[in-house]
Amino acid sequence: MNIKLHILLFCILANLGVAVAQTNVNIRIHSDSKTGDLHIDKVFSAYGKAKGSVKVELDLRDDEDYYYKSLVTEKNPEAIAFAKKCIEKDKKSAQRIKEVYAEGKPTTIYLSLKPKDGYYRFILFNDNGLEKMTLVYIESENKDILKIILQRNN
């Protein structure tokens with residue numbers, strides 16, 4: 001499972017054709033914040049437009065049956081530390097938690113949250129240890145959305 005979590009984080013971003021740029025990029029397709037009740041929403045708000053960050057927000061419920069929000073940021077240790085603090089708070093409402101550790105520190109975190117309004121919700125986080133962070137939020141009516149996304153990339 002550990003390798004699959006790493007692969008998932010990078011396959012999702014590759015599937016959308018997202019690359020981190022030196023300037024900020026903010027892509028948004030008709031959606032309001034679905035993460036407002038989560039602490040990670042503060043990370044998206046605070047660092048989504050920062051230099052070296054790419055924020056993507058897609059509401060594909062009509063076509064693909066999921067909502068996707070991600071943030072990739074480089075060379076911003078403050079953002080990484082803040083994201084980890086927010087994830088620790090969101091862990092309290094998680095139904096399932098998976099973590100991958102390297103050298104005693106969490107590098108990949110997967111949270112399966114309690115469903116809200118009929119939607120299954122997931123938080124994925126990766127810190128590559130080289131000042132690059134990926135934070136992903138996904139929600140869908142389909143509880144197997146992560147498996148479906150992984151299968152598309154095989």
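Contact map, segment 126-148: residues that are under 18 Å from A50 (Cα atoms) paired with residues that are aromatic (F, W, Y) and not in a helix (DSSP H, G or I), Cβ distance under 8 Å, separation 6+ or inter-chain. Pairs shown: M133/F125; T134/F125; L135/F125; V136/Y68; V136/F122; V136/F125. Looking at segment 75-84, can you tell me whether even one residue there is within 25 Å of K105 (Cβ to Cβ), modelled with pLDDT under 90 and touching a strand residue (DSSP E or B) at 6+ places or on another chain (Cβ under 7 Å)? No - not one qualifying residue is present in segment 75-84. Within segment 103-149, take every residue that is of a type in the set (D, E, K, R) and not in a loop (DSSP other than H, G, I, E, B) and give me the one that is farthest from F82 (Cα to Cα). Result: K147.
Are any of the residues in segment 49-57 under 23 Å from L146 (Cβ atoms), of a type outside the set (A, V, I, L, M) and either touching a residue at least 24 places away in the same chain (Cβ under 8 Å) or part of a helix (DSSP H, G or I) (or both)? Taking every residue of segment 49-57 in turn, at least one turns out to be under 23 Å from L146 (Cβ atoms), of a type outside the set (A, V, I, L, M) and either touching a residue at least 24 places away in the same chain (Cβ under 8 Å) or part of a helix (DSSP H, G or I) (or both). Within segment 31-46, is even one residue out of contact with any Ser or Thr (no Cβ under 8 Å at 6 or more places or on another chain) and at pLDDT below 50? Yes; the residues of segment 31-46 include at least one that is out of contact with any Ser or Thr (no Cβ under 8 Å at 6 or more places or on another chain) and at pLDDT below 50.
Can you tell me how many residues in segment 109-123 are crowded, with 22+ Cβ neighbours inside 10 Å and not basic (K, R)? Quick ask: steps written out before the conclusion?
Here is the first cut: in segment 109-123, the ones crowded, with 22+ Cβ neighbours inside 10 Å are 109-111, 121, 123.
If we keep only those that are not basic (K, R) too, we end up with 109-111, 123.
Residues that pass the stated criteria total 4.
Hey, Q151 hits all of (1) polar (S, T, N, Q); (2) surrounded by fewer than 13 Cβ atoms within 10 Å (Cβ to Cβ); (3) at pLDDT 90 or above but one; which does it fall short on? The one condition Q151 does not meet is (3). Of all the residues in segment 63-87, those that are buried (at least 22 other Cβ atoms within 10 Å of the Cβ) and among the basic types (K, R) number 1.
The values are calculated or read from the model by the stated rules, or taken from the named source; none is laboratory data. In this text, all values refer to a predicted model and were calculated from it rather than measured experimentally. Using ideal geometry, Cβ is built from the backbone for each residue, glycine included, and neighbour counts are taken over all protein chains shown.
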